[in-house]
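Written out below as structure tokens is the structure these notes cover.
The values are calculated or read from the model by the stated rules, or taken from the named source; none is laboratory data. For clarity, every value in this text was computed on a predicted model and none was experimentally measured. Ideal geometry is used to build each Cβ from the backbone, glycine not excepted, and the neighbour counts take in all protein chains shown. Ligands, DNA and RNA are stripped out before the accessible areas are found, and what is left, the full protein with its side chains, is counted by its heavy atoms. Shrake-Rupley method; radii C 1.70, N 1.55, O 1.52, S 1.80 Å.
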Amino acid sequence: MLVLAGAGSGKTRVITHRIAHLVRERGVPVGQILAITFTNKAAGEMRERILELVGPEARGLWASTFHSACARILRIEHAAAGYERSFTIYDDGDQQRLMRAVIAEEGLDPKRTTPRAVLGVISSAKNELKGSSEVEDDANGDYGVEVISRLYKRYQDRLIANQAMDFDDLLMVTVQLLQRDSVVRERWQRRFRHVLVDEYQDTNHAQYWLVRILAEPERNVMVVGDDDQGIYSWRGADIRNILEFKADYPDAVTIPLEQNYRSSATILAAANAVVERNRGRHPKVLWTDRESGEDVTIASSADEYEEARMVVREVGRAIAEGRPLDEIAVFYRTHAQSRVIEDQLVRSGINYQVLGGPRFYERAEVKDLMAYLRVVANPADREAFTRAAGSPKRGLGPAALARVAQAAEGRAVPMDSVAREADLVQGLNASQRDALATLGALFDRLRAMDATGSPPARVMETAIEESGIREALLADGPAESGIGRLDNLQELVGVAVEYAARAEEPTLGGFLEEVALVSAVDEADEDGGRVTLMTVHNAKGLEYDVVIVTGLEEGLFPHMRSIDDPDGLEEERRLCYVALTRARERLILSHADARTLRGNRMYSIPSRFIDEIPAEATGRPEPVVLDSPFGDSESFAVPNFDVGDAVVHESFGEGVIIGLQQRGRLLQVRFDDKERLLMADMAPMRRLG
């Protein structure tokens with residue numbers, strides 16, 4: 001059975017009541033039921049609800065995450081799997097320590113081949129049920145992949161020698177055991193005659209095979225999910241698992257849950273209109289018996305600062321209506337967008353929290369960069385020097401830095417003064433002395449820049465480049481994570497640019513003082529709840545009375561990395577659908593004409609997702625324009641292009657206009673190489689003939 005549970009349709013209730021029905025009405029022993037969720041919290045809530053419905057006998061139910069279920073199976077089948085029953089499960093820290101040792105054994109530079117990055121690739125391979133030999137087979141002469149396969153093999157050999165597994169092994173080893181050992185496979189197929197899976201759209205390849213193997217031969221498998229909320233492909237989830245369920249189980253019954261108990265009819269109309277444009281989905285239309293409610297508001301701003309002021313005004317309006325702060329949420333596509341909104345909330349005295357990550361000034365990479373600036377401004381700041389010396393890693397561990405501190409105390413000078421004379425520090429090896437001298441020279445350059453009047457932003461950019469922070473972030477972990485953290489540093493550079501523009505005499509010390517004061521206000525806590533800020537990815541499963549979605553612009557949401565990829569664009573559209581369906585009563589969708597991203601001022605057009613929302617849902621034919629650098633939008637002059645026009649672009653050559661969006665402001669043009677979306681008023685393009 002495939003239950004397509006639309007947003008707000010009560011899917012968890014479906015699973016718990018089905019289990020209760022199997023036990024009470026069909027006489028199925030609870031020990032023959034396996035219920036799988038994605039989080040320990042969800043599994044715990046499921047057990048509690050079933051206990052209320054069934055009674056004490058429900059205590060024998062297996063309701064757990066994929067990883068917990070596999071760990072439990074492997075403790076029982078340890079001998080067949082080739083492990084001791086007491087095998088260890090390595091956490092993230094254990095894995096990194098082991099991989100660091102493996103990289104050293106291979107004679108590789110841990111700064112270029114970082115443990116986190118290698119582990120990310122290995123994790124993806126394990127989720128695809130690929131061992132090191134299969135990764136090597138996929139290399140096709142690619143040296144980088146060959147290196148990864150060697151590291152993978154050595155890492156896996158060390159795990160086995162240590163009688164240890166990482167989290168991905170729990171899945172992979174279990175599936176491979178069930179695939180190769182018919183006795184073990186049949187034992188667990190007899191044990192679990194009913195398999196139920198929540199959030200099936202989020203399953204990866206290994207999880208797919210675990211469910212498929214256990215469900216045979218009786219095929220008593222029920223999965224619950226929503227293909228319209230599949231937003232985790234970047235961490236291995238495969239949307240095809242739910243889209244192709246009927247192909248795997250041709251006799252399956254499909255039941256759509258289309259009644260939404262959360263959102264107003266108007267909000268649902270907007271969400272349906274966006275997601276129904278996706279081709280890769282099961283047809284369904286959410287409906288509600290609630291009233292239409294408020295119109296969806298489309299808010300246009302001049303830039304991200306005007307947008308942040310709009311957010312504060314909307315929060316203030318909700319407060320004036322008597323709504324609690326914890327029923328108000330602000331969403332954005334990337335973490336770096338939160339900074340401007342946070343600053344405006346702080347200045348307005350509105351308490352807030354950032355879900356799924358620390359507040360902007362508390363993020364590790366932001367504090368790392370600030371440490372360099374603090375040493376430049378105040379050489380006596382030993383805490384800042386210690387943090388800077390360790391970020392990125394340069395071989396100066398706690399023991400080496402303790403020797404530097406001891407030398408500084410003995411000579412009554414700051415630690416960065418000692419760094420200039422690294423040869424005088426006792427107990428350091430040659431590479432540590434070189435690293436310390438290089439760090440000292442960097443502080444000298446940064447301090448000279450500040451002394452000669454370089455803007456704080458220029459000092460920061462130099463620190464990012466010459467310290468190795470940029471290279472370390474890009475090499476450390478998945479691209480999405482590294483680029484996102486680098487975006488946070490560029491956002492901090494933007495803060496410095498903003499400070500210099502309004503300060504009478506901008507200095508590095510003045511900038512640090514301003515940031516310190518903002519951070520101190522951030523730490524103040526108040527009663528009465530908090531406005532919640534988060535990325536849309538972190539919003540899945542949550543709901544609020546008032547939702548403000550910011551940054552709905554082409555290149556940001558949908559993200560630029562997805563615009564030219566049909567599958568990526570469909571996932572961005574599902575992400576938008578998730579954002580819209582979090583709102584119960586009021587939904588505000590915001591875009592800005594200009595925004596600073598990665599240190600560059602970008603001029604934008606509204607997201608196509610805004611254009612896909614019907615006018616009836618917004619209550620007006622055109623968006624409300626709060627402020628625009630282009631003046632009155634009604635009198636905005638758009639170059640007179642039309643569908644079918646032959647055009648020539650300075651960079652892309654000749655093409656044909658095949659579509660118009662945003663009242664002609666956005667042109668869809670087919671060139672020889674690909675189709676592109678261009679701004680009519682800014683593209684260096686003219687009509688031919």
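Which of the residues that make up segment 365-397 are free of Cβ contacts under 8 Å to residues at least 24 places away in the same chain and of a type in the set (A, V, I, L, M, F, W, C)?
Result: Ala371, Ala384.
Out of the residues in segment 65-85 meeting the condition of being open to solvent by less than 70 Å² (accessible area, probe 1.4 Å) and outside any helix (DSSP H, G or I), tell me which one is modelled with the highest pLDDT.
If we take residues in segment 65-85 being open to solvent by less than 70 Å² (accessible area, probe 1.4 Å) and outside any helix (DSSP H, G or I), then Glu77 is modelled with the highest pLDDT.
So how many residues does segment 541-561 have that are aliphatic (A, V, I, L, M), touching a strand residue (DSSP E or B) at 6+ places or on another chain (Cβ under 8 Å) and more than 21 Å from Ile328 (Cα to Cα)?
Start the filter on segment 541-561 by keeping residues that are aliphatic (A, V, I, L, M), which leaves 542, 546-549, 552, 556, 560.
Retained after the next criterion (residues that are touching a strand residue (DSSP E or B) at 6+ places or on another chain (Cβ under 8 Å)): 542, 546-549, 552, 556.
Still in the list and also more than 21 Å from Ile328 (Cα to Cα): 556.
Total satisfying the criteria: 1.
With the requirement that a residue be of a type in the set (Gly, Ala, Ser) and part of a helix (DSSP H, G or I), what does segment 414-460 give you? Break it down stepwise before answering.
Our first condition is that a residue be of a type in the set (Gly, Ala, Ser); within segment 414-460, this holds for 417, 419, 422, 427, 430-431, 435, 437, 440-441, 448, 451, 453-454, 457.
Within segment 414-460, Ser417, Ala419, Ala422, Ala430, Ser431, Ala435, Ala437, Gly440, Ala441, Ala448, Ala451, Ala457 qualify.
Looking at segment 328-378 only, could you name the residues that are out of contact with any Leu (no Cβ under 8 Å at 6 or more places or on another chain) and among the hydroxyl-bearing types (Ser, Thr, Tyr)?
Hits for segment 328-378 are Ser348, Tyr361.
Output the residue which, of all residues in segment 104-141 that are in contact (Cβ under 8 Å) with a residue 60 or more places away in the chain and open to solvent by 60 Å² or more (accessible area, probe 1.4 Å), is nearest to Asp94 (Cα to Cα).
Arg116
Taking Val656 as the residue in question, decide whether it is in a strand (DSSP E or B), modelled with pLDDT of 70 or more and either under 23 Å from Asp593 (Cβ atoms) or open to solvent by less than 40 Å² (accessible area, probe 1.4 Å) (or both). Explain how you work it out, then say what you get.
Numbers: in a strand (DSSP E or B): yes; modelled with pLDDT of 70 or more: yes; either under 23 Å from Asp593 (Cβ atoms) or open to solvent by less than 40 Å² (accessible area, probe 1.4 Å) (or both): no.
Answer is no for this residue.
Determine whether segment 145-154 contains at least one residue that is assigned to a helix (DSSP H, G or I), open to solvent by less than 10 Å² (accessible area, probe 1.4 Å) and either charged (D, E, K, R) or under 24 Å from Ala5 (Cβ atoms) (or both).
no
Per-residue answers, yes or no, for (1) in contact (Cβ under 8 Å) with a residue 60 or more places away in the chain; (2) loosely packed, with under 15 Cβ neighbours inside 10 Å; (3) under 30 Å from Gly494 (Cα atoms); (4) of a type in the set (Ser, Thr, Tyr):
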position: Ala271; (1), (2), (3), (4): yes, no, no, no
position: Pro283; (1), (2), (3), (4): no, yes, no, no
position: Glu291; (1), (2), (3), (4): no, yes, no, no
position: Ala299; (1), (2), (3), (4): yes, no, yes, no
position: Glu304; (1), (2), (3), (4): yes, no, yes, no
position: Glu307; (1), (2), (3), (4): yes, no, yes, no
position: Glu314; (1), (2), (3), (4): yes, no, yes, no
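Looking only at segment 364-413, which residues are outside any helix (DSSP H, G or I) and open to solvent by less than 20 Å² (accessible area, probe 1.4 Å)? Before you say what the answer is, go through the steps one by one.
Going through segment 364-413, the residues outside any helix (DSSP H, G or I) turn out to be 378-381, 390-397, 412-413.
Once the filter is applied, which keeps residues that are outside any helix (DSSP H, G or I) and open to solvent by less than 20 Å² (accessible area, probe 1.4 Å), segment 364-413 yields only Leu396.
Under 24 Å from the mean Cα position of the chain (by Cα) and within 30 Å of Glu553 (Cβ to Cβ): does that describe Ile350? Give the steps one after another, and end with the answer.
Working: under 24 Å from the mean Cα position of the chain (by Cα): no; within 30 Å of Glu553 (Cβ to Cβ): yes.
Spelling it out, it is not the case that Ile350 is under 24 Å from the mean Cα position of the chain (by Cα) and within 30 Å of Glu553 (Cβ to Cβ).
Given the residues Arg433, Arg470, Arg447, which is the only one that is touching a Leu at 6+ places or on another chain (Cβ under 7 Å) and of a type outside the set (A, V, I, L, M, F, W, C)?
On the way: Arg433 fails: touching a Leu at 6+ places or on another chain (Cβ under 7 Å); Arg447 fails: touching a Leu at 6+ places or on another chain (Cβ under 7 Å).
Going through Arg433, Arg470, Arg447 in turn, the sole match is Arg470.
Could you look through segment 46-59, keep only residues that are open to solvent by 20 Å² or more (accessible area, probe 1.4 Å) and at pLDDT below 85, and pick out the one that is farthest from Ala20 (Cα to Cα)?
Only one residue fits best here, namely Arg59.
Can you tell me how many residues within segment 549-604 are closer than 19 Å to Gln337 by Cα, in a loop (DSSP other than H, G, I, E, B) and of a type outside the set (Lys, Arg)?
Qualifying residue count, segment 549-604: 11.
If I filter segment 596-617 for residues that are modelled with pLDDT under 95, more than 22 Å from Ala680 (Cβ to Cβ), open to solvent by less than 10 Å² (accessible area, probe 1.4 Å) and over 19 Å from the mean Cα position of the chain (by Cα), do I get at least one hit?
Yes, segment 596-617 contains at least one residue that is modelled with pLDDT under 95, more than 22 Å from Ala680 (Cβ to Cβ), open to solvent by less than 10 Å² (accessible area, probe 1.4 Å) and over 19 Å from the mean Cα position of the chain (by Cα).
Search segment 86-97 for residues being modelled with pLDDT of 85 or more and of a type outside the set (Phe, Trp, Tyr), and hand back the single one that is surrounded by the fewest Cβ atoms within 10 Å (Cβ to Cβ). Before you say what the answer is, go through the steps one by one.
Filtering segment 86-97 down to residues modelled with pLDDT of 85 or more leaves 87-90, 95-97.
Adding the requirement that they be of a type outside the set (Phe, Trp, Tyr) leaves 88-89, 95-97.
On the way: Thr88: 14, Ile89: 14, Gln95: 22, Gln96: 16, Arg97: 12.
Only one residue tops the list, namely Arg97.
Being touching a strand residue (DSSP E or B) at 6+ places or on another chain (Cβ under 9 Å), over 25 Å from Gly357 (Cα atoms) and among the aliphatic types (A, V, I, L, M) narrows it down to one of Ile255, Ile239, so name that one.
Numbers: Ile239 fails: touching a strand residue (DSSP E or B) at 6+ places or on another chain (Cβ under 9 Å).
None of the other options fit; the residue is Ile255.
Against the conditions (1) closer than 17 Å to Trp188 by Cα; (2) part of a loop (DSSP other than H, G, I, E, B), where does Gly27 fall short? Just the number, please.
(1)
For segment 496-538, give me the residue count where each residue is at pLDDT 85 or above and under 30 Å from Val578 (Cβ atoms).
9
Looking at segment 329-353, which of its residues are open to solvent by 20 Å² or more (accessible area, probe 1.4 Å) and hydrophobic (A, V, I, L, M, F, W, C)?
Scanning segment 329-353 gives Val346, Ile350.
Cβ-Cβ under 6 Å, sequence separation 6+ or interchain: first residue in segment 407-428 and at pLDDT 80 or above, partner part of a helix (DSSP H, G or I) and aromatic (Phe, Trp, Tyr). Which pairs?
Close Cβ pairs (under 6 Å, with a partner that is part of a helix (DSSP H, G or I) and aromatic (Phe, Trp, Tyr)) amount to Met415/Phe385; Asp416/Phe385; Asp416/Phe443.
Specify the residue that is nearest to the chain's Cα centre (by Cα); the eligible residues are those in segment 476-495 that are modelled with pLDDT under 75 and of a type in the set (Gly, Ala, Ser). Explain how you work it out, then say what you get.
Of the residues in segment 476-495, the ones modelled with pLDDT under 75 are 476-483.
Next, only the ones that are of a type in the set (Gly, Ala, Ser) stay: 477, 479, 481-482.
Working: Gly477: 13, Ala479: 11, Ser481: 7, Gly482: 11 Å.
Taking the candidates together, the pick is Ser481.
Closer than 23 Å to Val223 by Cα and in a loop (DSSP other than H, G, I, E, B) - does that describe any residue in segment 165-181?
No: zero hits.
Gln207 versus (1) part of a loop (DSSP other than H, G, I, E, B); (2) at pLDDT 95 or above: which is the lone unmet condition?
(1) is the only condition that Gln207 fails.
In segment 34-64, how many residues are touching a residue at least 12 places away in the same chain (Cβ under 8 Å), among the hydrophobic types (A, V, I, L, M, F, W, C) and part of a helix (DSSP H, G or I)?
Qualifying residue count for the region: 7.
Starting from residues that are outside any helix (DSSP H, G or I) and in contact with a strand residue (DSSP E or B) (Cβ under 9 Å, 6 or more places away or on another chain), keep the ones in segment 210-223 and report whichever is farthest from Thr65 (Cα to Cα).
Applying the filter and picking the extreme gives Glu218.
In segment 430-464, what count of residues is obtained for those that are within 16 Å of Leu396 (Cβ to Cβ) and within 40 Å of the chain's Cα centre (by Cα)?
Start the filter on segment 430-464 by keeping residues that are within 16 Å of Leu396 (Cβ to Cβ), which leaves 430-443.
The next check asks that each one be within 40 Å of the chain's Cα centre (by Cα); those that pass are 431-443.
Total satisfying the criteria: 13.
Looking for something part of a loop (DSSP other than H, G, I, E, B) and among the basic types (Lys, Arg) - is there at least one such residue anywhere in segment 319-329? Lay out the reasoning, then the answer.
Residues of segment 319-329 part of a loop (DSSP other than H, G, I, E, B): 321-324.
Cutting the leftovers down to among the basic types (Lys, Arg) gives us 323.
Yes; the residues of segment 319-329 include at least one that is part of a loop (DSSP other than H, G, I, E, B) and among the basic types (Lys, Arg).
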